[in-house]
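Notes to accompany the following structure.
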Amino acid sequence: MNGRLTSKVALVTGGGTGIGRATALALAAEGAAVAVNYSRSRGDAEETAAEIASRGGRAITVACDISDERGVGAMVARVTGELGRLDVLVNNAGMTRFIDHRDLEALTAEVWDRILAVNVKGTFFCCRAAARAMTDGGRIINIGSVAGIRGNGSSIAYAASKAAIHTMTMSLARALAPSITVNAIAPGLIETRWHAGSEAENAKRAARFPAKRIGRPEDIAHMAVAFATADNFFTGQVIAVDGGALL
């Protein structure tokens with residue numbers, strides 16, 4: 001623990017599992033009090049908060065479907081009410097449907113609406129609510145994807161939603177400057193439950209990466225900490241953390 005975020009408060013959406021969990025733990029290791037958001041994974045969020053507490057940190061859990069605009073406002077109000085402030089927001093919560101890109105008929109209006117509601121609108125709702133609560137020095141970190149750069153990934157709608165997050169990051173960086181920075185991380189292939197059952201295929205893919213391995217949630221968490229602790233000259237960036245796969 002380096003204590004770079006001592007006295008700071010962070011909110012991590014989707015903080016109970018995978019990248020969100022690793023990020024919550026990494027921010028707590030730097031001294032931040034952490035609010036672990038969840039929509040359905042209550043048990044996982046509680047386990048993450050309990051692990052932070054077991055290491056001497058402070059954490060709470062807060063339920064919210066981020067596509068619910070009013071719910072997001074209530075979530076941020078609870079975080080500031082219980083933890084006293086909000087300094088860092090990590091927009092990690094997201095969803096997808098695994099649909100072959102050639103199967104255009106399966107990409108129904110319902111699929112589009114739900115993915116965009118969570119990934120795009122939900123991310124914006126959280127950014128706006130957090131910006132209202134943050135003082136000078138606020139840090140917003142959005143989790144995009146290399147799918148939003150290359151147009152690949154679990155579905156066309158997912159790729160489009162992540163590209164929108166990248167663009168939103170740049171727009172908000174301008175709008176909220178200079179007091180709040182807004183940056184995005186675009187993870188590549190990362191070991192999460194979304195890829196369970198595809199280990200052999202992913203190992204073959206990773207052999208072509210310069211890093212020669214699949215990413216770990218901690219790789220993304222380290223970048224999130226870097227954004228959270230950087231000064232305000234570092235804003236509006238979309239950084240791919242993908243083991244060099246985009247090369």
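Just a few scattered comments:
- Filtered residue count, the range 63-90, keeping only those that are in contact with a Gly (Cβ under 9 Å, 6 or more places away or on another chain), crowded, with 17+ Cβ neighbours inside 10 Å and closer than 15 Å to Val12 by Cβ: 8
- Matching residues in the range 180-202 - criterion: being among the charged types (D, E, K, R) and surrounded by 15 or more Cβ atoms within 10 Å (Cβ to Cβ): Glu191
- Members of the range 69-99 that are under 22 Å from Lys162 (Cβ atoms) and free of Cβ contacts under 8 Å to residues at least 40 places away in the same chain: Met95
- Pairs linking a residue in the range 215-226 that is within 13 Å of Val238 (Cα to Cα) to a residue that is open to solvent by less than 40 Å² (accessible area, probe 1.4 Å) and in a helix (DSSP H, G or I), with Cβ atoms under 7 Å and 6 or more positions apart or on different chains, are Ile220/Ile19; Ile220/Ala22; Ile220/Thr23; Ala224/Thr23; Ala224/Ala26.
- The range 1-13: number of residues that are part of a loop (DSSP other than H, G, I, E, B) and either open to solvent by 20 Å² or more (accessible area, probe 1.4 Å) or of a type in the set (A, V, I, L, M) (or both): 8
- Breaking point among (1) free of Cβ contacts under 8 Å to residues at least 12 places away in the same chain; (2) in contact with a strand residue (DSSP E or B) (Cβ under 6 Å, 6 or more places away or on another chain), for Leu246: (1)
- Residue within the range 157-180 that is in a loop (DSSP other than H, G, I, E, B), farther than 20 Å from Ala32 by Cβ and in contact (Cβ under 8 Å) with a residue 60 or more places away in the chain present: no
- Taking the listed residues Thr96, Thr123, Thr80, the one that is more than 28 Å from Ala157 (Cα to Cα), modelled with pLDDT of 95 or more and polar (S, T, N, Q) is Thr80, with no other qualifying.
- Single residue of the range 67-101 satisfying the filter (assigned to a strand (DSSP E or B) and not polar (S, T, N, Q)) that is farthest from Thr6 (Cα to Cα): Val90
- Checked against the criterion of being modelled with pLDDT of 95 or more and under 22 Å from Leu176 (Cα atoms), the candidates Arg132, Arg102, Arg114 yield just one match: Arg132.
- Options Arg174, Arg128, Arg205: the member that is under 21 Å from Ile99 (Cα atoms) and open to solvent by 10 Å² or more (accessible area, probe 1.4 Å): Arg205
- For the criterion of being open to solvent by less than 40 Å² (accessible area, probe 1.4 Å), at pLDDT 95 or above and touching a Gly at 6+ places or on another chain (Cβ under 8 Å), Val225 fails.
- Selected residue (criterion: least open to solvent (accessible area, probe 1.4 Å)) from residues of the range 18-53 that are under 19 Å from Met75 (Cα atoms), in a loop (DSSP other than H, G, I, E, B) and modelled with pLDDT of 95 or more: Ala32
The values are calculated or read from the model by the stated rules, or taken from the named source; none is laboratory data. Since the structure is predicted, the reported quantities are computational estimates derived from the model, not experimental observations. No Cβ is skipped: glycine too gets one built from the backbone with ideal geometry, and neighbour counts run over all protein chains shown. Each accessible area value is taken on the protein alone, full model and side chains, heavy atoms only, with ligands, DNA and RNA left out. Shrake-Rupley method; radii C 1.70, N 1.55, O 1.52, S 1.80 Å.
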